[in-house]
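Enquirer: Take a look at the following structure, please.
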Amino acid sequence: MKLIVTADDFGLSEGINDGIVGASLNGIVTRTSLVANGPAFDHAVSLAREHENLRVGVHLTLVGAKPVSNPVRIQSIVRPHDTDFYANYKQFLVRYLLNRISLHDVRVEFEAQMEKVSSTGLNINHLDSHQHLHMLPGIFTIVVALARRYGIGKIRFPRCRITGSMSAKEALLTVLCGINRRSLAGTFEFTDCCFGLAESGNLRKSDLLRFMSHRNCGSAEVIAHPGHVDEGYRTRYGHWRYRPEQEYAALTDQEVKDSLRIKGGELIF
């Protein structure tokens with residue numbers, strides 16, 4: 001299996017940033033996704049410049065953060081009488097299904113996020129999004145256009161292996177992946193399957209060993225959220241109930257690294 005291991009949320013806090021870099025240097029993380037509107041964005045950029053082997057993509061964000069662009073210009077995607085996005089994908093999805101989300105507003109915000117990352121001079125390796133909202137019809141079209149504009153050839157496809165225990169969210173994402181994949185006609189790179197959706201924020205060593213045992217995926221992406229919990233992260237994102245320290249330990253575990261080598265797995269970007 002060719003395996004991409006992506007650490008999301010680069011830029012949320014300095015502790016998370018340090019943990020992601022550590023999981024790359026000492027573990028199996030091969031790339032990370034940078035949050036343009038993350039409170040520790042500048043710190044993340046500085047680390048990325050120091051560690052060029054860690055490939056950096058853009059973690060496009062429409063919920064749970066402050067916008068990069070002027071909130072007055074994107075009123076359909078910010079909360080009424082506020083300057084923040086809606087809290088999570090559920091709130092966003094309700095508005096999307098009621099046709100209350102302006103794709104123009106999404107485009108304006110995504111363009112601002114892309115420009116902010118691009119202006120740092122970092123080479124953008126891939127695109128994905130917080131809570132996978134880039135897979136929604138209309139929004140996916142915007143992301144593809146941005147990828148072409150910036151010369152980015154890799155987009156995350158959160159496609160799960162079909163099983164009887166799939167959640168509704170996993171099933172929906174897998175269906176959307178199938179639809180969106182057909183529209184690309186081979187112009188972008190994406191993996192055959194994706195691991196870590198059900199375990200999001202709570203990845204364990206046993207999960208990684210289980211992922212590596214699958215033989216029917218020629219290539220796969222593991223979505224991870226490692227890091228070191230600091231006060232900034234605890235204050236702003238503690239309500240997510242993620243376990244970054246647990247994920248860091250799993251991704252740097254010697255048995256995990258040995259298992260990947262023994263099974264002939266290849267880490268890619």
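The values are calculated or read from the model by the stated rules, or taken from the named source; none is laboratory data. For clarity, every value in this text was computed on a predicted model and none was experimentally measured. With ideal geometry, Cβ positions are generated from the backbone for all residues, glycine too; neighbour counts draw on all protein chains shown.
Enquirer: Have a look at N26, N53 and point out the one that is within 21 Å of V229 (Cα to Cα), in contact (Cβ under 8 Å) with a residue 24 or more places away in the chain and more than 16 Å from the chain's Cα centre (by Cα).
Expert: N26
Enquirer: Next question, about the same structure. All but one of (1) crowded, with 17+ Cβ neighbours inside 10 Å; (2) at pLDDT below 95 hold for P80; which doesn't?
Expert: Just one mismatch for P80, condition (1).
Enquirer: Considering only the range 208-235, state which residues are modelled with pLDDT of 95 or more and surrounded by fewer than 15 Cβ atoms within 10 Å (Cβ to Cβ).
Expert: Those that are modelled with pLDDT of 95 or more and surrounded by fewer than 15 Cβ atoms within 10 Å (Cβ to Cβ): E231, R234, T235.
Enquirer: Sticking with this one: Quick check, is H59 modelled with pLDDT of 95 or more and crowded, with 21+ Cβ neighbours inside 10 Å?
Expert: yes
Enquirer: Within the range 14-56, can you find the residues that are surrounded by 22 or more Cβ atoms within 10 Å (Cβ to Cβ), among the polar types (S, T, N, Q) and touching a Leu at 6+ places or on another chain (Cβ under 7 Å)?
Expert: Listed by number, the residues that qualify are N17, S24, T32.
Enquirer: Do you know which of the residues in the range 201-216 that are outside any helix (DSSP H, G or I) and out of contact with any helix residue (DSSP H, G or I) (no Cβ under 9 Å at 6 or more places or on another chain) is nearest to T252 (Cα to Cα)?
Expert: H214
Enquirer: Something else: Could you please let me know if I262 is surrounded by 20 or more Cβ atoms within 10 Å (Cβ to Cβ) and either modelled with pLDDT under 95 or β-branched (V, I, T) (or both)?
Expert: no
Enquirer: Then there is this: List pairs: first residue in the range 226-255 and under 12 Å from D9 (Cβ atoms), second residue among the polar types (S, T, N, Q) anywhere in the structure, Cβ distance under 6 angstrom, at least six positions apart or on different chains.
Expert: Going by the 6 Å Cβ cut-off, the qualifying pairs are Y233/S13.
Enquirer: Test R73 against the criterion of being touching a helix residue (DSSP H, G or I) at 6+ places or on another chain (Cβ under 7 Å) and surrounded by fewer than 19 Cβ atoms within 10 Å (Cβ to Cβ), and give yes or no. Don't jump to the end; show me each part of the working.
Expert: Values: touching a helix residue (DSSP H, G or I) at 6+ places or on another chain (Cβ under 7 Å): yes; surrounded by fewer than 19 Cβ atoms within 10 Å (Cβ to Cβ): yes.
Yes, satisfied.
Enquirer: Does C160 qualify as being touching a Lys or Arg at 6+ places or on another chain (Cβ under 8 Å), in a loop (DSSP other than H, G, I, E, B) and either within 17 Å of L267 (Cβ to Cβ) or free of Cβ contacts under 8 Å to residues at least 40 places away in the same chain (or both)?
Expert: no
Enquirer: So, one more: Within the range 174-207, take every residue that is farther than 16 Å from A224 by Cα and crowded, with 20+ Cβ neighbours inside 10 Å and give me the one that is modelled with the lowest pLDDT.
Expert: Result: F190.
Enquirer: Of all the residues that make up the range 93-129, how many are buried (at least 21 other Cβ atoms within 10 Å of the Cβ), over 17 Å from the mean Cα position of the chain (by Cα) and hydrophobic (A, V, I, L, M, F, W, C)?
Expert: Count: 2.
Enquirer: Looking at D8, D82, can you tell me which residue is out of contact with any helix residue (DSSP H, G or I) (no Cβ under 6 Å at 6 or more places or on another chain), charged (D, E, K, R) and assigned to a strand (DSSP E or B)?
Expert: One residue alone meets the criteria, D8.
Rundown of residues vs (1) among the hydroxyl-bearing types (S, T, Y); (2) in a helix (DSSP H, G or I); (3) under 17 Å from G19 (Cα atoms); (4) within 18 Å of the chain's Cα centre (by Cα), yes/no style:
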{"site": "V229", "(1), (2), (3), (4)": "no, no, yes, no"}
{"site": "G232", "(1), (2), (3), (4)": "no, yes, yes, no"}
{"site": "H239", "(1), (2), (3), (4)": "no, yes, no, no"}
{"site": "E247", "(1), (2), (3), (4)": "no, yes, yes, yes"}
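Enquirer: Okay, next question. I need the full set of residues from the range 163-182 which are farther than 25 Å from T32 by Cβ, in contact (Cβ under 8 Å) with a residue 12 or more places away in the chain and among the polar types (S, T, N, Q), in order please.
Expert: Residue satisfying the conditions is S167 alone.
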